[in-house]
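Structure first, then comments.
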């Protein structure tokens, strides 16, 4: 945004320019963290539950900020601070979102928004790899998928960006619609619908409706990319936009695959040959969604595809002591748990299949049933040692014990599991570590790595 004047930034944000900068050029970056300020930044002070970020306007200017966008009272208070642009907005968050929308329009980049109950980050990562050889592509970071994170990522996209790939998270009704209004996507991808956030939304139909807000808010020349086998989205289809389906029976389907990573895809009658650097079977659906999205903006991928997957989403590491760890502990719900267990069953080596599984959160009144079903699935998948972490996972452990003859251990929390698990595993084992983000099972993955180094 270096080419934008202070006046233009204020107008784009729907705010008031209180004091211009000593220089006419715009900011290098936008941040909401006053502790993260480097010279040239625009600091946006957002009100929060515990404190109002606008109170740190003077501190941000003292640290070299290009300027601040804060509530009027904080802009007035900052007039005696070191010189910098002062922009006042009654609602700084809304101003941040408006500024991001204006920058997205100025870029003119084709924008793809991705949501889903599980796999949206992996789909985003795959799509980024498909687009990179063909377009100047900017991809939002892992969890910057909220009403605050998404506009920050839009504003981080550099001039010259041709394709924007954005992830959209959802915690309740109206949130996808809010994000779509900021990003104005040309392609909307819904990876799947599953029982995530049931506690807040109440039913799987309500989850589908919340995700489908992305379809509802697409402009008339946009494309919706949805699973072919998801009837929950049928009521939300639009006749006035193009809809491309992926998966068995859809417009984009997998024709063949090899153990070496060669795949053939039929994309609406066009054959696409790819050589993948990942083997996980559950990522094939994400690949098909990504191919459909790429073709929707005129890119037909081909050749070798190297994907930089986001951290803690199925990262596979072979430790020095011969133990292989699958670190998939960023988040979990019943769909992603099943997929991870299937991957463990398909890819484990000669040693034992070990699963460290923690609580799945926000599943509502049927959470015990969902956990029990995962326990039974773990047994059916050939897991030989299960470590269940958390109170909810006791139902998972009980079902595992009833369904098979594998060993089971139960711990109260991640700290206990981090002490126990390194003592249980042995060379040749493949260990899946997975739970909802709030359980903190990254401690177990780190403990396994530390134990291997100390051996």
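The values are calculated or read from the model by the stated rules, or taken from the named source; none is laboratory data. This structure is a prediction, so every number in the text was calculated from the model and none was measured. A quick note on method: Cβ atoms are made from the backbone with ideal geometry, for glycine too, and the neighbour counts reach across all protein chains shown.
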Checklist outcome for this item: Pairing a residue in the stretch 197-212 that is touching a residue at least 24 places away in the same chain (Cβ under 8 Å) with any residue that is exposed (fewer than 15 other Cβ atoms within 10 Å of the Cβ), where Cβ atoms lie under 6 Å and the two sit 6 or more apart in sequence or on different chains, gives 198/364; 199/364; 200/172; 210/173
Checklist entry - Here are 228, 209, 216, 290: which of them is buried (at least 20 other Cβ atoms within 10 Å of the Cβ) and either in contact with a helix residue (DSSP H, G or I) (Cβ under 9 Å, 6 or more places away or on another chain) or not assigned by TED's automatic domain parsing to the domain that holds residue 348 (or both)? => result 290
Checklist entry - If you scan the stretch 133-146, which residues turn out to be surrounded by fewer than 17 Cβ atoms within 10 Å (Cβ to Cβ) and at pLDDT 95 or above? => result 133, 134, 136
Item to check | Residue within the stretch 149-161 that is within 17 Å of residue 107 (Cα to Cα), assigned by TED's automatic domain parsing to the domain that holds residue 215 and assigned to a strand (DSSP E or B) present | outcome: no
Next on the checklist: The conditions are (1) touching a helix residue (DSSP H, G or I) at 6+ places or on another chain (Cβ under 9 Å); (2) surrounded by 17 or more Cβ atoms within 10 Å (Cβ to Cβ); (3) within 29 Å of residue 288 (Cβ to Cβ); (4) modelled with pLDDT of 95 or more, and residue 92 fails exactly one of them. Which is it?
Outcome noted: (3)
Item to check | Enumeration of residues in the stretch 27-39 that are part of a loop (DSSP other than H, G, I, E, B) and within 16 Å of residue 103 (Cβ to Cβ) | outcome: 27, 28, 32
Next on the checklist: With the structure loaded, tell me whether residue 447 is under 19 Å from residue 318 (Cβ atoms) and either surrounded by 16 or more Cβ atoms within 10 Å (Cβ to Cβ) or touching a strand residue (DSSP E or B) at 6+ places or on another chain (Cβ under 6 Å) (or both) or whether it fails that test.
Outcome noted: yes
Item to check | Search result, residues across the stretch 175-206 that are more than 26 Å from residue 370 (Cα to Cα) and out of contact with any helix residue (DSSP H, G or I) (no Cβ under 7 Å at 6 or more places or on another chain) | outcome: 178, 181, 185, 186
Item to check | Among (1) exposed (fewer than 15 other Cβ atoms within 10 Å of the Cβ); (2) at pLDDT 95 or above; (3) assigned to a loop (DSSP other than H, G, I, E, B) - the single one residue 271 does not satisfy | outcome: (3)
Checklist entry - Given the residues 67, 26, 54, 40, which is the only one that is within 25 Å of residue 106 (Cα to Cα) and in contact with a strand residue (DSSP E or B) (Cβ under 6 Å, 6 or more places away or on another chain)? => result 67
Checklist outcome for this item: Here the residues within the stretch 41-71 that are surrounded by fewer than 22 Cβ atoms within 10 Å (Cβ to Cβ) and under 17 Å from residue 98 (Cα atoms) are 46, 47
Checklist entry - Among the strands (runs of 3 or more DSSP E) contained in the stretch 52-140, which hold 1 or more residues that are more than 22 Å from the chain's Cα centre (by Cα)? => result 67-70, 85-88
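Residue-wise test of (1) touching a residue at least 60 places away in the same chain (Cβ under 8 Å); (2) assigned to a strand (DSSP E or B).
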residue: 254; (1), (2): no, yes
residue: 259; (1), (2): no, no
residue: 263; (1), (2): no, yes
residue: 295; (1), (2): no, no
residue: 317; (1), (2): yes, yes
residue: 330; (1), (2): yes, no
Next on the checklist: Within the stretch 332-341, does at least one residue satisfy the condition of being closer than 15 Å to residue 129 by Cα, touching a helix residue (DSSP H, G or I) at 6+ places or on another chain (Cβ under 9 Å) and in a helix (DSSP H, G or I)?
Outcome noted: no
